[in-house]
Amino acid sequence: QFLYFIGDVFATTMMRRASCGAFSRTAMATGAKWALPTASPASSRRWQAETPAPVGLYEALPRYPNLTTMGVLRGLDLMGTASFAVSGSVCAASCGLDLVGCGFVGVITALGGGTIRDFIFGKLPVFWLDEREYLYLAMACAVIAFALCCSVELNEFAAYEAVMFWTDTIGLG
């Protein structure tokens, strides 16, 4: 079912690009793969107003977690984001980075996969610009993880491995 979902998203994205003028006739005639849009901004806006956006799993999730099935999935998504932020921050702290470096690595670890997914499927702006709680959660978890790493010694290999194992397990969960 996941592969069918990915195929539907890809096909819908390609159809939306083609009808917006992202592939111009001159580009197709010359054999170019990509070209600048030939449609005017007004006609593009008109197309967007007339055509409803496809509703996939991502758009069907509620904004905040609740006790419905989709709300639980949103809560698990937020928990995975927090877990990957902690994982990235702990890994960066063990390499000797400071607060800014750990925060940056933690946020990139938490939000990087979804950002790449959105770029591949052509969903712009990316998810964390629409739903800022992902960005704020990743930053907060990365800073808290750095503070805890500084107060607790994770130089022992067993403690570091345990933290990395459990945060990655929860994130992939």
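The values are calculated or read from the model by the stated rules, or taken from the named source; none is laboratory data. No experiment lies behind these values; they were computed from the predicted model shown. Glycine gets a Cβ as well: all are built from the backbone with ideal geometry, and neighbour counts include every protein chain shown. Ligands, DNA and RNA are stripped out before the accessible areas are found, and what is left, the full protein with its side chains, is counted by its heavy atoms. Shrake-Rupley method; radii C 1.70, N 1.55, O 1.52, S 1.80 Å.
So the values come out like this:
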| read-out | value |
| --- | --- |
| Boolean, G106 is open to solvent by less than 60 Å² (accessible area, probe 1.4 Å) and either in contact (Cβ under 8 Å) with a residue 12 or more places away in the chain or under 20 Å from A60 (Cα atoms) (or both) | yes |
| Subset tally (residues that are open to solvent by 60 Å² or more (accessible area, probe 1.4 Å) and touching a residue at least 12 places away in the same chain (Cβ under 8 Å)) for the stretch 123-143 | 3 |
| Considering residues of the stretch 144-160 that are open to solvent by less than 80 Å² (accessible area, probe 1.4 Å) and among the small types (G, A, S) only, the residue farthest from S83 (Cα to Cα) | A158 |
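One line per residue, one yes/no per condition, for (1) in contact with a Pro (Cβ under 7 Å, 6 or more places away or on another chain); (2) modelled with pLDDT under 50; (3) not small (G, A, S):
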| site | (1), (2), (3) |
| --- | --- |
| A18 | no, yes, no |
| S24 | no, yes, no |
| M28 | no, yes, yes |
| S40 | no, no, no |
| L61 | no, no, yes |
| N66 | no, no, yes |
| F84 | no, no, yes |
| A110 | no, no, no |
